[in-house]
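Working notes, structure below.
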Amino acid sequence: MIDYHAFLNKLSQHPELAQWRETLPQQIAEGLNEARYGDLPRWKNALAALPDITPNTRTLNASRVGADGNITDNQREQLHDALKGLHPWRKGPYELFGVHIDTEWRSDWKWDRLKDAIAPLNGRTVLDVGCGSGYHCWRMRGAGADLVVGIDPTPLFVTQYFALQKYLQDDSVAVLPMGIEHLPEKLQAFDTTFSMGILYHRRSPFDHLFALRDSLRSGGQLVLETLVIEGKEGEVLVPEGRYSKMGNVWFIPTVATLEGWLKKAGFTSPTLVDVSTTTTDEQRSTEWMSFHSLAEFLNTDNPDQTVEGYPAPRRATFIAEKP
């Protein structure tokens, strides 16, 4: 079920994070408050319905576990139905004993675009802001990170993480029910901090960049992925109303503008890793996320535009250093 004790013990082994460990239990309780989140009991029931299966293979770099035939058809059906009880699944994909969770996002594509450009994660302490169910957290751990802390305020995603943790079984990875604003001020504890798909949701992009900077130790690396538009330095799209049917999109800069923002926020050596247009092969509706997705967010007559007439989603990934 939902139990953070093993992770909290791991946290105590990191002096720079040990103080945070004292306040975390209360923060976790607040983030998983059933009085506030009425669907939590249903999601917990789905967790409880997961069958007890002992995996004999685990591949964190592919978020895959297996039992080489040590699972019955009845167990696989039980597993499938319990996992479907945690719909919608946004980030992935995952493979659990032959059950393929075909998530809305092909998050593995995003990982492949950046994994060879970032500082090696071996032995590092990593923060993943807005991590969803923790797909990239498992990839970071698989790449050698010593400790991976994911944070996301959505209780469903936290519950999905615990469904995966039941089988992936690695206490050095956790998804905590909170946003970056709940981190201790000027924590300065992480070797690498990831913020992927978050910046454009923040009303103040600079406050977000400052918070990311303050999470890092001196010499630490930021990995930032966000929506961008084409254009010159200083240009920014501020959507009137919705963008791609999202109501919480505030600022979409050009690549050159974003580089300037990173410098102004105190980061050094901002380096563009990738710019990619998001396609309907990368973000789409599936059996595991059956709501509308990117295809419904684009102009059917001109897929280079959103339904509102703005440029279609285009994403840039930067790395930068904290001095």
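Values computed for the structure shown
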| read-out | value |
| --- | --- |
| Residue check for L262: under 30 Å from E233 (Cβ atoms), part of a strand (DSSP E or B), at pLDDT 95 or above and not aromatic (F, W, Y) | no |
| Residue list for the stretch 221-245, restricted to those being touching a helix residue (DSSP H, G or I) at 6+ places or on another chain (Cβ under 8 Å), of a type in the set (V, I, T) and either buried (at least 20 other Cβ atoms within 10 Å of the Cβ) or closer than 9 Å to V255 by Cα (or both) | V223, T226, V228 |
| Which listed residue, of H208, H182, H201, is surrounded by fewer than 20 Cβ atoms within 10 Å (Cβ to Cβ), over 21 Å from I28 (Cα atoms) and in contact (Cβ under 8 Å) with a residue 24 or more places away in the chain | H201 |
| Matching helices (runs of 4 or more DSSP H) fully within the stretch 54-167 where at least 3 residues are without any contact (Cβ under 8 Å) to a residue 12 or more places away in the chain and over 20 Å from I2 (Cβ atoms) | 73-84 |
| Matching residues in the stretch 281-300 - criterion: being in contact with a Phe, Trp or Tyr (Cβ under 8 Å, 6 or more places away or on another chain) and aromatic (F, W, Y) | W288 |
| Cβ pairs under 6 Å, 6+ apart, first in the stretch 14-29 and under 19 Å from V126 (Cα atoms), second assigned to a helix (DSSP H, G or I) | L17/L11; A18/S12; R21/L8; R21/L11; R21/S12 |
| Candidates D52, D81, filtered to the one that is of a type in the set (D, E, K, R), under 26 Å from P155 (Cβ atoms), surrounded by 12 or more Cβ atoms within 10 Å (Cβ to Cβ) and over 21 Å from the mean Cα position of the chain (by Cα) | D81 |
| Among (1) under 21 Å from P25 (Cβ atoms); (2) surrounded by fewer than 22 Cβ atoms within 10 Å (Cβ to Cβ) - the single one L114 does not satisfy | (1) |
| Pair list, Cβ under 7 Å, 6 or more apart: the stretch 276-288 residue closer than 21 Å to Y94 by Cβ and surrounded by 15 or more Cβ atoms within 10 Å (Cβ to Cβ), other residue small (G, A, S) and modelled with pLDDT of 95 or more | Q283/S293; R284/S293; R284/A295; S285/S293 |
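The values are calculated or read from the model by the stated rules, or taken from the named source; none is laboratory data. Just so it is clear, the structure is predicted and the values come from calculations on it, not from any experiment. Methodologically, a virtual Cβ is constructed for each residue, glycine included, from the backbone with ideal geometry; neighbour enumeration extends over all protein chains shown.
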